[in-house]
Amino acid sequence: MYINEDKKLIALVLAIILALSLLYVYSSNVKPEKVNIGGVARHIGDYVEVKGIVGYSKNITNGVLAYIYDEKFENKTTLFLQFSAILYPGEVVIAKGQVVNYRGSIEVVVYREGDLQIIAKYLELNLREVLEEPEHFLGMHIKLRGNLSAMRMSNYFEFTDGFNLIKVYVKNGYFGERNVYIRGYYEKGIFRAENISLQYNGTCVNLNELANYEGKVVWIHGSIISYFYYGYLRDGAYSLKVVADKKIPAGFRILEGKLIYSPYTAQYELKLE
């Protein structure tokens, strides 16, 4: 009885291997049909080629799951990559694979690394497109053109004690030593600095306890993670704040970065990379 079960199992494994081998040979020699993302559902079982903008990507146990959109963000489909890969939102890709219906979800299964091509690392847009519907592009790597104003040092920087991270506000900005003591008060999630010093012999409040000292003047100690410069990229009537860890000369610029939303300034920003 057990021998028969073992034979069945071996036969099943061999059948799976054969099916995968045939699929590999098929995909290697058959030219895929180019289809639009909106029409993928009509090609279940077919070997296709799709082009799209990465909107989401996640590494899973046996590969990568990603959503891609067409150029107008009207349609999307799922890519299932059966190999390890790193995809970033905003990248433009071409994928070749088989269309399947997996638990009611239409997916394009990409079996080989060679069947995935990244043709653009940043999605090229204009300021009007971004600012009219910024929710479409939030978190994406994008490329923008425009006139950049003179950049100034930001009044904010990130500060850590090695375990906790807070936002610090300094009027007129700060550019100096990173390991510092800061005197100020904590208010609505932001520490407002009144003095920054390289030495202090008194007691410092732990960063994770600042909420208990809301509005009270205290000292804290830690390291500045990064300094920020900011300016504004303009194109006609449209303007977007640009933040970077280095100063970029003013003038016409082609900038690449990630579109973020800053709760501290309550506005969308392009964070340069």
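The values are calculated or read from the model by the stated rules, or taken from the named source; none is laboratory data. The structure presented is a predicted model; accordingly, all values stated were derived computationally and were not measured. Here the Cβ is made from the backbone with ideal geometry for all residues, glycine too, and neighbour counts use every protein chain on show. Areas reflect the complete protein model, heavy atoms only, side chains present, ligands, DNA and RNA absent. Shrake-Rupley method; radii C 1.70, N 1.55, O 1.52, S 1.80 Å.
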Item to complete: In whole Hz, with x marking every Gly and Pro, tabulate ³J(HN,Hα) for segment 189-204 from phi via Karplus 6.51 cos²θ - 1.76 cosθ + 1.60, θ = phi - 60°.
Response: x, 10, 8, 9, 7, 10, 7, 10, 9, 7, 9, 6, 9, x, 8, 10
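Using the crude model of +1 on Lys and Arg Cβ and -1 on Asp and Glu Cβ, and no other charge, please compute the dipole size for the chain relative to its Cα centre, in debye to 20.
On the way: 31 positive and 29 negative charges, 96 e Å.
Here the chain has a charge dipole of around 460 debye.
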Worksheet entry | Rounded to the nearest 10 Å², the accessible area of Leu127 at probe 1.4 Å | 0
Discussion item. Placing +1 on the Cβ of each Lys and Arg and -1 on the Cβ of each Asp and Glu in the chain, which of Val93, Val180, Asn126 has its Cα farthest towards the positive end of the resulting dipole?
Written reply: Val180
Worksheet entry | Between helix 2-29 and the chain: long-axis angle, C-alpha atoms, 0 to 90°, nearest 10 | 70
Worksheet, complete the sentence: Summing -39500 (n - 2.57) over every DSSP H run of at least 4 in the chain, dividing by its residue total and rounding to the nearest 500, the 222 nm mean residue ellipticity is -4000 deg cm²/dmol
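Of Lys76/Lys271; Lys51/Lys247; Lys58/Lys167, which ones are farther than 32 Å apart at the Cα?
Working: Lys76/Lys271 26 Å; Lys51/Lys247 36 Å; Lys58/Lys167 29 Å.
Cα-Cα > 32 Å for Lys51/Lys247; rest within.
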Worksheet entry | Other-chain or far-sequence residues with amide H under 5 Å of Asp46's (modelled H) | Val99
Worksheet entry | Rounded to the nearest 10 Å², the accessible area of Arg145 at probe 1.4 Å | 110
Practice prompt. Can you sort Thr78, Thr265 by 1.4 Å-probe accessible area, starting with the largest?
Written response: Thr265, Thr78
Discussion item. Once neighbouring chains are kept in place and the probe is 1.4 Å, which whole percent of the accessible area of the chain is contributed by carbon and sulfur?
Written reply: 50
Discussion item. Projecting each Cα onto the charge dipole of the chain (Lys/Arg +1, Asp/Glu -1 at the beta carbon, about the Cα centre), which of Val110, Gly215, Val54 comes out farthest on the positive side?
Written reply: Gly215
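Of Ile260, Ile182, which has the most accessible area and how do the rest follow, probe 1.4 Å? List each step's numbers first, then the result.
Working: Ile260 45, Ile182 0 Å².
Largest accessible area first, the list is Ile260, Ile182.
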Response to the item:
For the chain, one quarter of the surface area of the C-alpha convex hull, expressed in nm², comes to 22.4
Discussion item. If you average the alpha carbon positions of segment 133-184 and of segment 236-266, how far apart do those two centres end up, in angstrom?
Written reply: 11
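Rolling a 1.4 Å sphere over the protein heavy atoms, what is the accessible area per residue of the chain, to the nearest Å²? Could you put the intermediate results ahead of the total?
Numbers: 16270 Å² over 273 residues.
Here the per-residue accessible area is 60 Å².
Over all alpha-carbon pairs in segment 126-258, figure out the percentage whose distance exceeds 17 Å.
When every Cα pair of segment 126-258 is considered, 63 percent fall beyond 17 Å.
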Fill in: For segment 141-152, 3J(HN,Hα) per residue [Karplus equation, 6.51 cos²θ - 1.76 cosθ + 1.60, θ = phi - 60°, Hz, x = Gly/Pro]
7, 10, 10, 10, 10, x, 9, 8, 6, 4, 7, 10
